[in-house]
Every structure is written in C-alpha cells, then in structure tokens.
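S.K.: The structure is given below, and queries will be raised subsequently.
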Amino acid sequence: MREETYYLVEAFDHGADYSSGRVVSLSPQASYQLGRKGIEYAIIEDFYSEQELRSREEPYFFKQLEWIGRFDGFLKERIGFCRQNNIGVAHAYYSKLKYFVDSIVVQSFIMSEFLKNSGAKEIIYIYKEHDGDEAQAMHEFTASKKTFFAQLLPLFCKERGISLKLKAMPGKTPFAEVRRGSLKGLLKRHLRSIFYIYKYKRWKALMPGKRKGPVLKALFLHSGSPIISPVIERFISEGQRVFIKRDDRVFSLDGILEKTVLTLPDSTQKDIQDDCKEAASALNTDGSLFEWINSECNIDVSSIIMPYIESFVSKTAPEILSQALVLSKFYKREGIDLVVATSSSDISPMSGLIGARLNGGVKSVCFQHGCSLLDSMVWYITELDAFDYYFTTETLSEEFFRQRSSSSYISRCEVYQSPHYLKSVSDMRRIKGPSSGKRERIMYVPSKPRFHTRCFNNMTHPIVWFFELQKAIIDFFGSQGDYDLIYKEPASPEPWREASIISYIRDKDYGNVSVDRRRLSECLHEVDRVFFDRPSTGLYEAAVLGKPVMSLYYPGLIDEYKPAIEMFADSARPFSTIDEAIAIIDSFLKDDPERYKVKIPIKDTNPIDILQDAKLQEV
C-alpha cells in the first residue's frame, strides 16, 4: 500500500482492487459496501474538524445576506418588474440559494482540509454519475449529473498538482420528471379531492356556522400536512372562505366538492422573461458579483456555479415572478385577505408570497411546521422575515421567535401561538398504548441529513459519520436482550438510507430490531420510550403523549436555545463521540422513566380571532 495514494469512494465498485492505497468513504452507501466486503476504510470526517468548519458561521450569515442584497440589486437594475415593485427575488429564494451556496462552500472546506491533512499525492475517485443534465435548477441541484464533490475535486487537484484518476459508475437521477396534465395526475387530483372532503370536514362549509367578526378569505399555499390541516378545518367550520393552491391550480373549498378557480399558465410573462434573459446574459460581465463565493471556497468555482445561477435568473425567476403577477390579480379579484403557509423555504409558496407583497392589502401568515431545542439563524429569514404573522406551536417557541422578530435585518412580523397540532397529538393519549410484555419497546427516531447537502447556521450531522453512529446504535440494541428497538425510518423514502442503514439492519437480522415506515404520529402510542439523535418536532410529539423521551444533540453542530434545553432537562443530552452517545442511551434505558417525561407549556388561542382583530384594525 502506498501511503500517498487514496481511494475516495463515493460509489462502491465491486470490481476494483482497493489494496494499493488508503480507502476513504464519502457516502453511507460506500461505507456499507466496504464494511460488507471487509475492506478497511476511513471516513471523510476523519480529516477535518466540524468545530473549525463552523467557526466562521455567524459572520458568514451576515456576509451572505449582504451578498444576496447585492445580487438583488443587480437583478433590479435589469428586471423592470423587480425594480418597479421593489421585489428581491433572490431574497425570496433565500433558502434554496443558501443551501446551494453553502453546500459548495462546505464541500470546498472539507476537500481543502482533506488534501492538507492526508498528504495525498495520488487520488483515485470512484463516484456515481447520474443520467440527468449537467446542471439542474438550483433548487434541484442534488439531481445534477455529478455531486459538487465530483465537480470540485478536479479543480483542487489541478491547483495543487495532485494526480487524479476518475472512475464513474452509472446511476439513475434521484428525481423523476413530473408531467403536468397527465392522466395519472388527473386521477390523483380527483381522488385527493374526495379524500379532502373527509380530511377537512368540508360538509361544515354548508352548515350555518357560529361566525363572529368579519369573514376572512384565505389562500393556503400549503395543504395536506398534519400541521396545516387542522387550521384549514377550523377556517371552514367557522365560516371563513378557504382557497388552496396545489401545483399549478387554485381551488375553492366553498362547497363539498372543490372547484378550480385559477389555473396558472405554463408560459411566463413576455416582458419579465425578456428582462430575465438579458440579466442572465449580463452575469458574466460582472465578475465581482460572485467574488464572495469564490473567496469563501478559497478557489474559483465560477465554472460550477454559473450554470445554476444562470438557470435561476433565466428560468426559475421569471416563473416565480410571472406566477406572482397572476396570483396578485387573483387576490384582487377574489378579495383575498390572507395567504397562509408553513414556511417560505420550499419553492411552492414563493410566488404566492411575492403576490401578497404586490397586493399591499393581503397579509402573509405562517404556522410553525416544526419545533426544536436549537437556535437556527436560517429560521429568522424563512419563518419570520417573509411573513406578517407567525403562529408557533407552543409557548417557548413563541417566546423565542418574538425575541428574534426584533432583529434589525428582519421585516416586522407579529408572533402568536396556535397549539392546534400538539393538542391534536395529545388527544391521541386515548389510543391504547403498548401491550405489557417481557421487553420494553424503544423507538429510535433518526434525523434526516441529506447527501452532500449542508447548510451553515442550521447544520445537520455529517452524513458519513452519521452512518457510523446509526450502526453503533443498532449493534448496541442487538446486544441487549431486554429491549425491542423500532427504527423509525422517515415516511419519505431516501435512497441513501435504504442503501446503507436499512440494508445494514436487514443483514444483521437482530431478532429484537425492526423498521417502521409509518408516520411517527401513527406509531408513537405503541412504544414505551422514544429517543432521537437530534431534537426535532417528534420530540415534542412524544412528550405531549406522555412518553419518556430523550434527545441527543451535538453542541458543535448548532446553537442551543437554552430555555428549551433547560425545560427538557435530563431529556436533552449533549454528546461529542459515538461511545458517549451509546453510554447516554444506555442510561436512558436503565433510569426511572419518570425522569424523562416533559410537560410542554401551551396556551389555547384561536388564530382566527387574532387575524379578524387585525383586519378590523386596518379598516
């Protein structure tokens, strides 16, 4: 073995001979296959420090906001619609733009540290090349033909004179194209319409309600989730007028059957499209616009980022802006008072929120989609800055966001509480719990890191290390005959998880370890104790059900919200190594379960009353 030769394995090649160098895994899938074949390997996280990666995180946040402001200035100069209406389309796209840029910056840091600390002279890089396009829309960058690691590595090796051999393995693109107007989509829409009659108790729209105060006309930009469905039901039952936007259509829920009242056009507004194309053409003439990203990466990454930036300006931005214009006219025609969402972070609500700003009388409302013990600066923008009103799920979150709403870089947002979701979970206490047996049933709810996708100010576990943590947890329970472990796989399938930890559980075939793919709320009542590797909404759900709960958290990854940490007391446990995590889990299992029961403070409020009062004050 030559110490200066490294195999960087992102995708496992069954026919490769790994004996002539040191093997480093870049993915959970590769780690699983290497371990299965008995090949000794290191993981990429062995070569850098997470603490050092995060050391510049807070100043980075503000520098990035400044850069987005400059980007919007560039766009407003060239896109008349943005200039005339003072629309910052890059700022509206904040979450997607941040994940895109941050993932490149993080991967650049990791690669630089690896090359510095490994002493590599020769690299053999084995990776999977997808059958998709070279560059996708920025909000779908993970579907690109190559990962950022695959695109960055040749740049770094060339700069440092390191020999690089590439071996691409064929693979399928992670995303399938969704065809609008297909027969399958039409059938799905009709079935969903029938299902929502029951889900939202739509028959209540036909009954004379106990309406008080002015009628609110609300367009919901998100629907169908347990977070927002009770709100829609309440609006209907109290006699408010409800509209829902799904994909390219807006539906009215005034009657039993939903009715299409607006279909968003496929085409973009010509003057907006023309301006956006000209702006995209001008990107290359202003090199200073992207100097900040290059400086953060410590290498010129223009060749990688420009296709994505150009796609955003020439394709995504005109779609968002054109839809916003159509929706703003719809708001005026129907007299819409409110647009309602659960966040501004995904692509679907962006045009609706911009449309509300075009129409000054329309207020934007957000219902918190997740609770945490942690403090993420990203939420200040995605949860507060884009909205006029924000409703949290419980009291500590209300206090947290009210404090943060006074920040100078956040637009004015009023913060209240609407505990409807946690109350609905608490109502499930009446469901029969686990049957008494010889062994306690323990549920492990893992977090959801994404492959080669990480974001400053909201860091998830590094994914290759995370697989090692999960393996250790599974093996620990496999050696414990007194407990049954239920591994709660996320309801949405993730290819990397199926190809690593799920396959690992299947191979080990421990008699007391199983996998559950149902929604968390559907199976929590069946277990005795619940633990998490990172605090999430599920921690609060289990707590309000009266379950003994415990969550690990890694202080080096993200900031704590101290009042929440203090409230959870023994149920919030910091750790820094895998061995330490296992010791904490062992204590959780052996301790008195009463130590791990947490009472979540909530106060009963009706968001409709608050929003009606606000409407009356505007008159």
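The values are calculated or read from the model by the stated rules, or taken from the named source; none is laboratory data. Everything numeric in this text was worked out from a predicted model, so none of it was measured. Please note: Cβ atoms are built from the backbone with ideal geometry, for glycine as well, and neighbour counts cover all protein chains shown. Just the protein is used for accessible areas: all its heavy atoms, side chains included, with ligands, DNA and RNA removed. Shrake-Rupley method; radii C 1.70, N 1.55, O 1.52, S 1.80 Å.
S.K.: Any idea which of ARG412, ARG333 is open to solvent by 30 Å² or more (accessible area, probe 1.4 Å) and closer than 28 Å to GLU57 by Cβ?
M.R.: ARG412
S.K.: Against the definition (among the polar types (S, T, N, Q), touching a residue at least 12 places away in the same chain (Cβ under 8 Å) and crowded, with 22+ Cβ neighbours inside 10 Å), how does SER344 come out, yes or no?
M.R.: Here the answer is yes, as SER344 does meet what is asked.
S.K.: Take segment 367-416 and flag every residue that is among the hydroxyl-bearing types (Ser, Thr, Tyr), closer than 21 Å to PHE220 by Cα and under 21 Å from the mean Cα position of the chain (by Cα).
M.R.: Hits for segment 367-416 are THR382, TYR390, THR392, THR393.
S.K.: Taking LEU65 and the conditions (1) open to solvent by 40 Å² or more (accessible area, probe 1.4 Å); (2) modelled with pLDDT of 95 or more; (3) more than 20 Å from TYR125 (Cα to Cα), which numbered condition does it fall short on, given that it satisfies the others?
M.R.: It is condition (1) that LEU65 fails.
S.K.: Hey, another quick one. I'd like to check something: does segment 329-340 contain any residue that is under 24 Å from GLY80 (Cβ atoms) and modelled with pLDDT under 95?
M.R.: Within segment 329-340, not a single residue is under 24 Å from GLY80 (Cβ atoms) and modelled with pLDDT under 95.
S.K.: Out of (1) over 26 Å from ASP46 (Cα atoms); (2) free of Cβ contacts under 8 Å to residues at least 24 places away in the same chain; (3) under 26 Å from the mean Cα position of the chain (by Cα), what's the single condition that is false for PRO490?
M.R.: Here PRO490 clears every test but (2).
S.K.: Still on this structure, please answer the following. Only residues that are open to solvent by less than 10 Å² (accessible area, probe 1.4 Å) and of a type in the set (S, T, N, Q): list them for segment 348-363, please.
M.R.: Answer for segment 348-363, where residues must be open to solvent by less than 10 Å² (accessible area, probe 1.4 Å) and of a type in the set (S, T, N, Q): just SER351.
S.K.: Here's something else I'd like to know. Here are some residues: ASP570, ASP613, ASP586. Which one is under 17 Å from TYR554 (Cα atoms) and either assigned to a helix (DSSP H, G or I) or touching a residue at least 40 places away in the same chain (Cβ under 8 Å) (or both)?
M.R.: The match here is ASP570.
S.K.: Please specify each residue of segment 480-525 satisfying the condition of being open to solvent by 50 Å² or more (accessible area, probe 1.4 Å) and touching a Ser or Thr at 6+ places or on another chain (Cβ under 9 Å).
M.R.: Residue satisfying the conditions is TYR510 alone.
S.K.: May I pose another question? Mind counting the residues in segment 97-127 that are crowded, with 21+ Cβ neighbours inside 10 Å and either in contact with a His (Cβ under 6 Å, 6 or more places away or on another chain) or at positive phi (or both)?
M.R.: 0
S.K.: Condition check: part of a strand (DSSP E or B), basic (Lys, Arg), touching a Ser or Thr at 6+ places or on another chain (Cβ under 8 Å) and touching a residue at least 24 places away in the same chain (Cβ under 8 Å). Does LYS277 satisfy that?
M.R.: Here the answer is no, as LYS277 does not meet what is asked.
S.K.: Under the condition of being buried (at least 18 other Cβ atoms within 10 Å of the Cβ) and at pLDDT below 90, which residue from segment 450-472 is nearest to the chain's Cα centre (by Cα)?
M.R.: The extreme case among them is THR453.
S.K.: Report whether or not ASP475 is over 29 Å from HIS420 (Cα atoms), in contact with a Lys or Arg (Cβ under 8 Å, 6 or more places away or on another chain) and either modelled with pLDDT of 95 or more or hydroxyl-bearing (Ser, Thr, Tyr) (or both).
M.R.: yes
S.K.: Considering ILE293, ILE256, which residue is open to solvent by 50 Å² or more (accessible area, probe 1.4 Å) and either hydrophobic (A, V, I, L, M, F, W, C) or outside any strand (DSSP E or B) (or both)?
M.R.: Only one candidate passes the filter, namely ILE256.
Here's the yes/no breakdown for (1) modelled with pLDDT under 95; (2) part of a strand (DSSP E or B); (3) in contact with a helix residue (DSSP H, G or I) (Cβ under 9 Å, 6 or more places away or on another chain):
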| position | (1), (2), (3) |
| --- | --- |
| SER322 | no, no, yes |
| LEU327 | no, no, yes |
| ILE347 | yes, no, yes |
| ARG357 | yes, no, yes |
| CYS366 | no, yes, yes |
| CYS371 | yes, no, yes |
| PHE387 | no, no, yes |
| GLN403 | yes, no, no |
| ARG412 | yes, no, no |
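S.K.: Being open to solvent by 40 Å² or more (accessible area, probe 1.4 Å) and β-branched (Val, Ile, Thr) narrows it down to one of THR142, THR147, so name that one.
M.R.: THR142
S.K.: Among the residues in segment 51-72, are any among the polar types (S, T, N, Q), under 27 Å from ILE463 (Cβ atoms) and in contact (Cβ under 8 Å) with a residue 12 or more places away in the chain?
M.R.: Yes, because at least one residue in segment 51-72 is among the polar types (S, T, N, Q), under 27 Å from ILE463 (Cβ atoms) and in contact (Cβ under 8 Å) with a residue 12 or more places away in the chain.
S.K.: Answer yes if at least one residue in segment 261-279 is farther than 30 Å from MET306 by Cβ and buried (at least 21 other Cβ atoms within 10 Å of the Cβ), and no otherwise.
M.R.: Checked against the condition, which is being farther than 30 Å from MET306 by Cβ and buried (at least 21 other Cβ atoms within 10 Å of the Cβ), segment 261-279 yields no hits at all.
S.K.: Another one. The conditions are (1) open to solvent by less than 10 Å² (accessible area, probe 1.4 Å); (2) assigned to a strand (DSSP E or B); (3) farther than 19 Å from LYS471 by Cα, and LEU552 fails exactly one of them. Which is it?
M.R.: With (1) open to solvent by less than 10 Å² (accessible area, probe 1.4 Å); (2) assigned to a strand (DSSP E or B); (3) farther than 19 Å from LYS471 by Cα applied to LEU552, the lone miss is (3).
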